[in-house]
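The values are calculated or read from the model by the stated rules, or taken from the named source; none is laboratory data. These numbers were taken from a predicted model, which means no experiment stands behind them. All Cβ positions, glycine included, derive from the backbone under ideal geometry; neighbour counts span all protein chains shown. Calculation scope for accessible area: heavy atoms of the full protein, side chains included, ligands and nucleic acids excluded. Shrake-Rupley method; radii C 1.70, N 1.55, O 1.52, S 1.80 Å.
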Amino acid sequence: MVTVLCAFDKFKGTLDSRTCGQTTLEALQDTCCPYDVPIDGSVVELSDGGDGFLSALTRALQLTIVTETVTGPLGSKIEAAYGIGEVDGVCVAVIEMALASGLALVPLKLRNPLHTTSKGTGELIHAAVRKGAQKLLLGVGGSATNDGGLGVLQGMGLQILVRGENGDVYEPDAITGQDLVRIASIRIPSPDQWEHCLFEGRLSIEIACDVSNLFVGLDGATAVYSGQKGATREIQQTLERGMLNLAQLYKAASGIDISNVPGTGAAGGISGGLVAMCKAHLIRGIEIVSTMLDLPSRIQSADLVLTGEGSFDDQTMQGKAVSHVIDLCNRYNVPVVVICGHNGLKGSSQTVPVFDLLSMFPPEVAMRNAQACLRQLVSAKAAELPGLSRLLLSSNHCTQSH
């Protein structure tokens with residue numbers, strides 16, 4: 001019996017995390033079965049806080065999925081889900097920001113962070129706390145916004161006044177990036193309002209953050225990420241002025257200067273807003289998932305670990321989910337093999353065995369039929385996997401002898 005753990009991140013654009021792991025395990029079991037080599041396998045979903053964050057934790061923590069009507073990134077009402085359940089005696093809510101405020105929800109021609117809001121994510125937080133959540137795990141990858149987290153805070157109950165072009169002061173229905181330069185005031189709900197507790201630090205908020213970008217500046221949210229959300233150079237200048245203004249408002253309201261705090265630029269500044277106003281903690285996304293899934297002990301119990309993602313490259317090794325799995329395997333001396341779509345770490349920088357789809361299939365075939373290609377790759381390479389090669393060769397020799 002060989003115990004195999006399949007712990008994959010997504011193959012972006014083709015296969016989600018669970019499908020990668022399940023397909024790999026089934027292909028391996030089907031290949032080994034005729035040779036009387038039983039595979040005791042299990043699958044865990046990985047996420048670093050982006051796509052699949054809620055899914056990865058829902059099964060593991062046995063969360064109940066709750067759907068709410070919230071404000072979408074363009075201001076219209078949409079349906080978005082979160083998970084909630086008891087973990088070690090604490091009511092925990094898991095929210096994937098992209099489901100309420102994600103770039104994928106905005107048609108390409110409408111992408112402009114001056115006009116998008118993260119309010120829906122705040123409304124999910126608000127709803128989860130109303131249902132009893134004491135701790136919040138928030139994944140912030142894939143945002144459509146650059147509102148400095150002010151939209152999230154508005155959805156949670158923060159009172160925000162904006163100065164209009166005629167000098168009038170009003171509270172907008174949903175804060176967007178264009179409002180940041182015109183913020184007149186922000187005010188925490190009064191103690192007689194239940195939302196006050198959200199801004200006292202009594203709600204434990206852990207943000208799954210895999211970037212170190214600052215709130216403002218050349219390495220800030222606007223400079224690095226707003227372009228991919230539809231911002232032109234001119235729009236970026238407007239957004240940055242707003243973010244600088246907002247950083248000062250956050251400092252005046254909370255006493256916390258987030259301008260140069262690494263990670264506060266994640267998701268258009270959502271992380272920064274929550275750090276300043278709610279005392280949120282920034283934690284590497286894969287570390288949150290790893291802890292909640294008890295990944296270290298599961299790796300220690302395995303004879304072989306198979307992991308991977310769509311593109312295995314230098315970025316992978318900079319704290320991403322797959323590199324975390326490799327580090328744990330090295331720590332516990334468990335053999336690990338990477339199975340990916342494209343291997344960009346060939347040569348001296350490659351420290352583990354890597355099998356990639358593009359070594360067997362043309363790119364267009366691998367993209368169009370990723371699941372079938374993954375199955376064929378695993379089947380073809382099974383005899384080269386540590387711990388299996390000897391068993392398969394031995395079994396094959398015995399079969400031929402008879």
Exercise. Consider Ile205 carefully, then state whether it is within 20 Å of Asp257 (Cα to Cα), open to solvent by less than 10 Å² (accessible area, probe 1.4 Å) and free of Cβ contacts under 8 Å to residues at least 40 places away in the same chain.
Key: no
Scanning segment 189-212 for residues that are more than 15 Å from Val129 (Cβ to Cβ), outside any strand (DSSP E or B) and not polar (S, T, N, Q) gives Pro191, Asp192, Cys209, Asp210, Val211
Going through segment 225-239 in order, the residues found to be under 14 Å from Thr116 (Cα atoms) and charged (D, E, K, R) are Lys229
Within segment 315-353, the residues that are among the hydroxyl-bearing types (Ser, Thr, Tyr) and modelled with pLDDT of 90 or more are Ser323, Tyr332
Screening Glu123, Glu79 for residues that are assigned to a strand (DSSP E or B) and modelled with pLDDT of 95 or more leaves only Glu79
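Only residues that are within 20 Å of Val322 (Cα to Cα) and either among the β-branched types (Val, Ile, Thr) or surrounded by fewer than 18 Cβ atoms within 10 Å (Cβ to Cβ) (or both): list them for segment 1-21, please. Show your work before the answer.
Filtering segment 1-21 down to residues within 20 Å of Val322 (Cα to Cα) leaves 3-21.
Selection gives Thr3, Val4, Lys12, Gly13, Thr14, Thr19.
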Report whether or not Thr145 is touching a residue at least 60 places away in the same chain (Cβ under 8 Å), of a type in the set (S, T, N, Q) and in a loop (DSSP other than H, G, I, E, B). yes
### Message
Within segment 364-381, does at least one residue satisfy the condition of being at pLDDT 95 or above, of a type in the set (Asp, Glu) and outside any loop (DSSP other than H, G, I, E, B)?
### Response
yes
Requested in this report: Might you let me know whether segment 44-58 holds any residue that is polar (S, T, N, Q) and assigned to a helix (DSSP H, G or I)?
Outcome: yes
Those residues of segment 165-183 which are open to solvent by 40 Å² or more (accessible area, probe 1.4 Å) and touching a strand residue (DSSP E or B) at 6+ places or on another chain (Cβ under 7 Å) amount to Val169, Tyr170, Glu171, Arg182
Next on the checklist: With the structure loaded, tell me whether Val92 is in contact (Cβ under 8 Å) with a residue 60 or more places away in the chain, more than 22 Å from Lys10 (Cβ to Cβ), in a strand (DSSP E or B) and in contact with a strand residue (DSSP E or B) (Cβ under 7 Å, 6 or more places away or on another chain) or whether it fails that test.
Outcome noted: no
Within segment 283-317, residues being farther than 17 Å from Lys135 by Cβ, open to solvent by 10 Å² or more (accessible area, probe 1.4 Å) and outside any loop (DSSP other than H, G, I, E, B) number 5
Checked segment 22-47 for anything open to solvent by less than 20 Å² (accessible area, probe 1.4 Å) and closer than 30 Å to Thr67 by Cβ; matches are Thr23, Val44, Glu45, Leu46, Ser47
Residue set Gly89, Gly83; condition out of contact with any Asp or Glu (no Cβ under 6 Å at 6 or more places or on another chain) and on the phi > 0 side of the Ramachandran plot; output residue Gly89
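Any idea which residue in segment 145-184 is modelled with the lowest pLDDT, counting only those that are at positive phi and more than 23 Å from the chain's Cα centre (by Cα)? Talk me through it step by step, then tell me what you get.
Of the residues in segment 145-184, the ones at positive phi are 148-149, 157, 167.
So of that shortlist, the ones also more than 23 Å from the chain's Cα centre (by Cα) come out as 157, 167.
On the way: Gly157: 95, Gly167: 85.
Filtering first and then ranking leaves Gly167.
Could you list all residues from segment 134-157 that are of a type outside the set (S, T, N, Q) and surrounded by fewer than 23 Cβ atoms within 10 Å (Cβ to Cβ)?
Narrowing segment 134-157 to residues of a type outside the set (S, T, N, Q): 135-142, 144, 147-153, 155-157.
Result: Lys135, Gly142, Gly157.
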- prompt: Residue check: is Val224 within 23 Å of Glu287 (Cβ to Cβ) and touching a residue at least 24 places away in the same chain (Cβ under 8 Å)?
  reply: yes
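Of all residues in segment 326-353, which are of a type in the set (A, V, I, L, M) and either open to solvent by 70 Å² or more (accessible area, probe 1.4 Å) or closer than 17 Å to Leu15 by Cβ (or both)?
Val338, Ile339
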### Query
Does Ile270 count as under 19 Å from Met97 (Cβ atoms), open to solvent by less than 10 Å² (accessible area, probe 1.4 Å), of a type in the set (Val, Ile, Thr) and assigned to a helix (DSSP H, G or I)?
yes
Scanning segment 106-125 for residues that are within 17 Å of Leu54 (Cα to Cα) and open to solvent by 10 Å² or more (accessible area, probe 1.4 Å) gives Glu123
